[in-house]
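Asks: Structure provided below as structure tokens; questions to follow.
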Amino acid sequence: MPHQVVSRDQWLKARVALLKEEKELTRHSDTLAQQRQELPWVRIDKQYSFETDEGNATLADLFKGRSQLLMYHFMFGPDYKAGCPSCSAIADGFNGVFVHLENHDVAFWAVSRAPLAKLQVYKRRMGWTFPWASSFSSDFNADFNVWFTEEQQSEGGIEYNYEREAPLPVAVIPSRTTPDGATIFATMSGTDTATYTRERPGLSAFVHEDGVVYHTYSAYARGLDGLWGTYQWLDRAPKGRNEQGVWWRRHDEYEKG
């Protein structure tokens, strides 16, 4: 469809009108951020164990002396051959961010159920430097609703993004761009669709105060859009997201051009 072409003065008038809407969105985003910070806390008494490059760690250890912890639940199950392509695209965006968080009293970790050795191999392949822990021997992913059993999947027992899903085969999480996205991503991750979709992405936040760890916030699914840097850029491009199916790949899988 041909796009409207106008004079610079006409463009400026339209841009200023849009700016008012953008400012309103920014103000609303500030209000939502404040509401997130005002959510009540949940004390965590259960002991979780993680494998890290420095050895075994508890949830409290992951704070590394800081008072706050942000965690990305990265879809990489024990049976995956490689990390989820979508999570990998998001990780490309936060790989350079964690050092700034760590210098602002916020620890950052990616956490997956795959064994640490598998995470380390993939991390080297991708050239990432952010800290990545394995929760392979822990209930952590299940307790924070980012991993589910075959029974939950087949019987409709999955509660993800604060909603209960229908049993398979109906509840196969689709890509934002195509209904067969989960199948495509499963193949790209070296596993089957059911196994792939038992892992889910998410973000969780914690605080460490007076020797106690509290859970403060979690977001899932489209609640992670703001973390996906590529989409923030595309939303400002002339053609926007302009998606016709699954177009992204791991950054080392694109044809060189």
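Asks: If we scan region 48-55, do we find a residue that is assigned by TED's automatic domain parsing to the domain that holds ALA186, more than 28 Å from GLU150 (Cα to Cα) and not acidic (Asp, Glu)?
Replies: Filtering region 48-55 for residues assigned by TED's automatic domain parsing to the domain that holds ALA186 gives 48-55.
With more than 28 Å from GLU150 (Cα to Cα) added as a condition, the list becomes 53-55.
Still in the list and also not acidic (Asp, Glu): 55.
Yes: region 48-55 contains one or more residues that are assigned by TED's automatic domain parsing to the domain that holds ALA186, more than 28 Å from GLU150 (Cα to Cα) and not acidic (Asp, Glu).
Asks: Within region 207-232, how many residues are assigned to a loop (DSSP other than H, G, I, E, B) and either loosely packed, with under 10 Cβ neighbours inside 10 Å or not hydrophobic (A, V, I, L, M, F, W, C) (or both)? Spell out how you get there, then give the answer.
Replies: Filtering region 207-232 down to residues assigned to a loop (DSSP other than H, G, I, E, B) leaves 210-211, 228.
Now narrow it down to the ones that are either loosely packed, with under 10 Cβ neighbours inside 10 Å or not hydrophobic (A, V, I, L, M, F, W, C) (or both): 210-211.
The qualifying residues number 2.
Asks: Ok, one more. Among the residues of region 233-250, which ones are in a loop (DSSP other than H, G, I, E, B), more than 19 Å from GLY181 (Cβ to Cβ) and of a type outside the set (Asp, Glu)? Spell out the reasoning first.
Replies: Narrowing region 233-250 to residues in a loop (DSSP other than H, G, I, E, B): 235-250.
If we keep only those that are more than 19 Å from GLY181 (Cβ to Cβ) too, we end up with 235-239.
Passing the criteria: ARG236, ALA237, PRO238, LYS239.
Asks: Does THR26 meet the test of being free of Cβ contacts under 8 Å to residues at least 24 places away in the same chain and at negative phi?
Replies: Details: free of Cβ contacts under 8 Å to residues at least 24 places away in the same chain: yes; at negative phi: yes.
Yes.
Asks: Any idea which of (1) without any contact (Cβ under 8 Å) to a residue 40 or more places away in the chain; (2) within 19 Å of SER88 (Cβ to Cβ); (3) surrounded by fewer than 12 Cβ atoms within 10 Å (Cβ to Cβ); (4) not basic (Lys, Arg) is the one GLY240 doesn't satisfy?
Replies: Status for GLY240: all satisfied but (2).
Asks: Here is a check on your reading of the model: is GLY190 of a type in the set (Gly, Ala, Ser), out of contact with any helix residue (DSSP H, G or I) (no Cβ under 6 Å at 6 or more places or on another chain), within 30 Å of ALA107 (Cβ to Cβ) and in contact (Cβ under 8 Å) with a residue 60 or more places away in the chain?
Replies: Values: of a type in the set (Gly, Ala, Ser): yes; out of contact with any helix residue (DSSP H, G or I) (no Cβ under 6 Å at 6 or more places or on another chain): yes; within 30 Å of ALA107 (Cβ to Cβ): no; in contact (Cβ under 8 Å) with a residue 60 or more places away in the chain: yes.
For GLY190, the condition - of a type in the set (Gly, Ala, Ser), out of contact with any helix residue (DSSP H, G or I) (no Cβ under 6 Å at 6 or more places or on another chain), within 30 Å of ALA107 (Cβ to Cβ) and in contact (Cβ under 8 Å) with a residue 60 or more places away in the chain - is not met.
Asks: Right, here's the next one. I need a count of the residues in region 29-39 that are assigned to a loop (DSSP other than H, G, I, E, B) and either among the acidic types (Asp, Glu) or free of Cβ contacts under 8 Å to residues at least 40 places away in the same chain (or both).
Replies: At the first step, the residues of region 29-39 found to be assigned to a loop (DSSP other than H, G, I, E, B) are 38-39.
Still in the running and either among the acidic types (Asp, Glu) or free of Cβ contacts under 8 Å to residues at least 40 places away in the same chain (or both): 38.
Looking only at that region, the number is 1.
Asks: Taking ASP180, is it modelled with pLDDT of 95 or more and either charged (D, E, K, R) or not assigned by TED's automatic domain parsing to the domain that holds SER218 (or both)? Spell out the reasoning first.
Replies: On the way: modelled with pLDDT of 95 or more: no; either charged (D, E, K, R) or not assigned by TED's automatic domain parsing to the domain that holds SER218 (or both): yes.
It is false that ASP180 is modelled with pLDDT of 95 or more and either charged (D, E, K, R) or not assigned by TED's automatic domain parsing to the domain that holds SER218 (or both).
Asks: What residue, of LEU69, LEU59, LEU101, is in the same structural domain as TYR214 (by TED's automatic domain parsing) and in contact with a His (Cβ under 8 Å, 6 or more places away or on another chain)? Show your work before the answer.
Replies: Working: LEU59 fails: in contact with a His (Cβ under 8 Å, 6 or more places away or on another chain); LEU101 fails: in contact with a His (Cβ under 8 Å, 6 or more places away or on another chain).
Step by step, each of LEU69, LEU59, LEU101 is checked, and only LEU69 is in the same structural domain as TYR214 (by TED's automatic domain parsing) and in contact with a His (Cβ under 8 Å, 6 or more places away or on another chain).
Asks: Turning to a different aspect of this structure: Output the residues belonging to region 40-52 that are surrounded by 12 or more Cβ atoms within 10 Å (Cβ to Cβ) and assigned to a loop (DSSP other than H, G, I, E, B).
Replies: Here is the first cut: in region 40-52, the residues surrounded by 12 or more Cβ atoms within 10 Å (Cβ to Cβ) are 41, 44, 48-52.
Hits for region 40-52 are TRP41, TYR48.
Asks: Also, I was wondering about something else. Under the condition of being surrounded by 10 or more Cβ atoms within 10 Å (Cβ to Cβ) and among the basic types (Lys, Arg), which residue from region 243-257 is modelled with the lowest pLDDT?
Replies: Here the residue is ARG249.
Asks: When only residues in region 1-24 that are acidic (Asp, Glu) and more than 15 Å from ARG236 (Cβ to Cβ) count, which is surrounded by the fewest Cβ atoms within 10 Å (Cβ to Cβ)? Lay out the reasoning, then the answer.
Replies: Taking region 1-24 as the starting set, the residues that turn out to be acidic (Asp, Glu) are 9, 21-22, 24.
When the remaining residues are screened for being more than 15 Å from ARG236 (Cβ to Cβ), the result is 9, 24.
Working: ASP9: 7, GLU24: 10.
Out of the qualifying residues, it is ASP9.
The values are calculated or read from the model by the stated rules, or taken from the named source; none is laboratory data. Keep in mind the model is a prediction, meaning the values are calculated, not measured. No Cβ is skipped: glycine too gets one built from the backbone with ideal geometry, and neighbour counts run over all protein chains shown.
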